[in-house]
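We did not get these values from a lab; they are worked out from the coordinates using the rules stated. The structure displayed is predicted, hence computed values, not measured ones.
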C-alpha cells in the first residue's frame, strides 16, 4: 500500500487468498485510497474458481478473474485485453 501511494502501475494482479488481508479487501482499499488509484486495472488470480467467485471479484473492484492454475497464454491475453 505504501508503494501505491508513490507509484501508479498500469495493472495490478492480485491473489485472493492471502494472509492478513484477502484480495477483495486489498482492491477495495486501493480503490478508496485516492482518485488516481481508482482507475488501476486489476486482475484477480486465484484458486477460487466458479461463477460466484468471479462475481465477487468484479463486485470488489477487479475487472477480470482467472482461476489457477492459469495457462500463460490465457494470462497474457487477459492482461492485453485489460490494458487495451
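What are the extents of the Cα atoms of the chain along their three principal axes, listed from largest to smallest and rounded to whole Å?
Largest first, the chain extends 32, 29, 20 Å along its Cα principal axes.
As a test of the formula, what do you get for the chain when each DSSP H run with n ≥ 4 contributes -39,500 (n - 2.57) and the sum is divided by the residue count, at 222 nm and rounded to the nearest 500 deg cm²/dmol?
Result for the chain: -13000 deg cm²/dmol, rounded to the nearest 500.
Choose one answer from 61, 23, 50: the residue with the largest mean-square fluctuation in a GNM of the chain with alpha-carbon springs under 10 Å.
50
Which of these, 68, 41, 28, has the largest mean-square fluctuation under a Gaussian network model of the chain (Cα springs below 10 Å)?
Evaluated over the chain, the most mobile residue of the options is 68.
Report, to the nearest 10°, how far helix 23-33 tilts away from the longest principal axis of the Cα atoms in the chain, using its own Cα long axis and a range of 0 to 90°.
For helix 23-33, the angle is close to 30 degrees.
GNM, the chain, Cα, under 10 Å: largest mean-square fluctuation among 69, 35, 19?
19
Let me have the relative contact order for the chain, percent, based on Cα pairs under 8 Å that are six or more residues apart.
29
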